[in-house]
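Heads up: the structure comes next, in structure tokens.
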Amino acid sequence: MSPATSPRLLLVSPTFHGYWSSIADAFARRGCTVRTVRYDAYDTTAEKLRLKTTVELPERLHLPGDVRRAENRRLTERVIARMREFRPDRVVVIKGDGLDERFWEALGDLPRILWLYDDLHRHDYEDDFLAQVGPVVSYARSEAEMLRGRGVDAHFIPNAFDPHRVEPTGARTGEIVFIGSGYENRRRLLAGLAASGLPVHAWGRDFSRHPVDRLRTFSWRRPAVRASRDVPLERAYQIHAEGAAAVAIHGLQNGHAMRTFEIPGMGGVQLVDRDDVDQFYDVGTEVAVWHSPEELEDLARRAIADPAWGNGMREAGRRRTLAEHTFDHRITEADSLWG
């Protein structure tokens with residue numbers, strides 16, 4: 001596609017772990033001229049402190065006034081200004097939950113896709129709005145089907161892996177690793193593995209004992225596991241492959257998280273809690289599924305004691321991911337929705 005005919009695509013996205021970069025790069029490889037606006041970008045220390053003191057702390061203390069609405073208004077004005085400056089031919093909105101109605105009005109007749117890589121209940125969208133906004137992409141098959149039943153032009157496109165971000169290091173730590181938020185079910189499971197003598201290592205602000213992370217999370221309590229601070233997504237990719245196994249804990253999520261594809265994509269041994277992973281991978285040869293803490297412990301012990309079993313899973317899982325589950329595959333699907 002020549003620069004003269006290259007569509008100008010505006011990607012409006014949350015910052016969330018830099019996934020916007022993988023999506024933008026994949027659209028660029030499809031021939032688009034891409035501009036990204038991160039609607040919740042707080043890149044400097046001053047911006048992060050402002051968010052904590054003017055929005056998050058007042059919400060935590062239940063102070064009067066709708067501080068979140070005021071902040072969303074500010075973010076919306078910034079996005080609209082960037083959009084008018086770029087003058088796109090089409091727009092992809094990831095989540096969009098930090099923007100108010102003025103943004104959608106400013107889109108006018110521009111072709112757009114709303115892409116939800118998280119559960120619908122975490123957003124404030126009404127069915128009437130979703131039915132009018134244009135194609136809606138959901139990371140959960142069940143939610144796409146439910147939305148279609150309500151008259152929404154909804155499509156199932158799962159999450160993905162980006163092989164262009166970083167290469168595996170080839171190192172092996174022998175640890176059972178976990179990277180992510182410290183929801184109670186995750187804390188309990190990981191602490192149980194550690195209590196049974198397994199070398200568990202968790203990364204993330206909810207696990208880290210660093211005083212800054214305790215301040216950021218407004219919490220002092222931490223599970224009894226070895227813990228480290230947040231790491232960039234590129235390093236998280238590598239850590240998943242370096243461990244004897246990486247644990248994926250979804251809980252009540254409807255769709256499969258990015259980790260479902262990132263762990264095998266990097267050549268990691270994935271121990272995942274969802275039977276429906278079989279829509280993406282062969283269970284037993286490309287990933288391993290557990291249903292209880294006891295099953296998880298057994299698989300973790302096998303990953304440590306039987307590296308040949310793990311190595312077979314590493315090779316098969318990476319091969320499948322590169323063949324079927326990269327962002328390039330997903331963007332090809334999304335690009336067919338413009339009509």
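The values are calculated or read from the model by the stated rules, or taken from the named source; none is laboratory data. Remember, predicted model here, so these are calculated numbers, not experimental data. Counting neighbours? That spans all protein chains shown, and the Cβs are built from the backbone with ideal geometry, glycine included. We work out accessible area using only protein heavy atoms, side chains counted, and drop any ligands, DNA or RNA first. Shrake-Rupley method; radii C 1.70, N 1.55, O 1.52, S 1.80 Å.
Rounded to whole Å, the principal axis extents of the Cα atoms in the chain read 59, 49, 38, largest first.
Whenever you get a sec, compute what percent of the accessible area on the chain sits on carbon and sulfur atoms (1.4 Å probe). Roughly 51 percent of what the probe reaches on the chain is carbon or sulfur. A DSSP coil position with no more than 15 other Cβ atoms inside 10 Å describes none of the chymotrypsin sites (Phe, Trp or Tyr not before Pro) in segment 86-158. When Thr36, Thr332, Thr45, Thr5 are compared by accessible area of protein heavy atoms, the largest-first order is Thr45, Thr5, Thr332, Thr36, using a 1.4 Å probe. Full extension of the chain segment joining Ala323 with Ala28 gains 104.2 nm, where the gain is 0.36 nm per residue of separation less the Cα-Cα distance.
Remark: accessible surface ordering of Val166, Val287 (largest first) is Val166, Val287, probe radius 1.4 Å.
With protein chains left intact and a 1.4 Å probe, residues in the chain average 47 Å² of accessible area per residue. The chymotrypsin sites (Phe, Trp or Tyr not before Pro) of segment 212-319 that meet both conditions, a loop assignment by DSSP and at most 14 other Cβ atoms within 10 Å of the site Cβ, are Phe218, Trp220.
Amide H contacts of Val37 (H built 1.01 Å from N, in plane; Pro and chain starts excluded): Leu11, Val12, Ser13 sit under 5 Å, all sequence-distant by 5 or more or on other chains. The share of Cα pairs per 5 Å bin across segment 258-314, counted from zero up to the longest distance, runs 4, 20, 32, 27, 14, 1 percent. Rounded to the nearest Hz, the phi-derived 3J(HN,Hα) couplings of segment 197-208 under the Karplus curve 6.51 cos²θ - 1.76 cosθ + 1.60 (θ = phi - 60°) are x, 7, x, 8, 9, 10, 10, x, 5, 7, 9, 4, where x marks glycine and proline. The Cα trace of segment 111-253 gives Rg and Dmax of 18.7, 55 Å, the first to one decimal, the second as a whole number. Near His155, the amide H atoms lying under 5 Å from its own belong to Val136, Val137, Ser138; only residues 5 or more places off or on other chains count, and H is placed 1.01 Å from N. Taking Cα atoms, how many degrees apart are the long axis of helix 19-29 and the longest axis of the chain, rounded to 10 and kept between 0 and 90? With both axes taken from Cα atoms, the answer is about 70 degrees. Couplings 3J(HN,Hα) of segment 253-269, computed from phi: 4, 7, x, 8, 5, 3, 4, 4, 9, 6, 5, x, x, 8, x, x, 9 Hz, in residue order, whole Hz [Karplus 6.51 cos²θ - 1.76 cosθ + 1.60, θ = phi - 60°; x for Gly and Pro]. The 3J(HN,Hα) values that the Karplus relation (6.51, -1.76, 1.60; θ = phi - 60°) gives for segment 283-297 are, in residue order, 6, x, 10, 10, 9, 10, 10, 10, 10, 8, x, 5, 5, 4, 4 Hz. Gly and Pro appear as x. The share of C-alpha pairs in segment 296-339 whose separation exceeds 16 Å stands at 57 percent. Both numbers refer to the Cα atoms of segment 161-315; Rg and Dmax are 14.6, 43 Å. Placing pseudo-labels 7 Å out from each Cα toward the beta carbon at Asp282 and Arg188 gives an inter-label distance of 3.5 nm.
Distances between placed amide hydrogens fall under 5 Å for Ser228 paired with Ala202, Trp203, Gly204, all partners being 5 or more residues away or on another chain.
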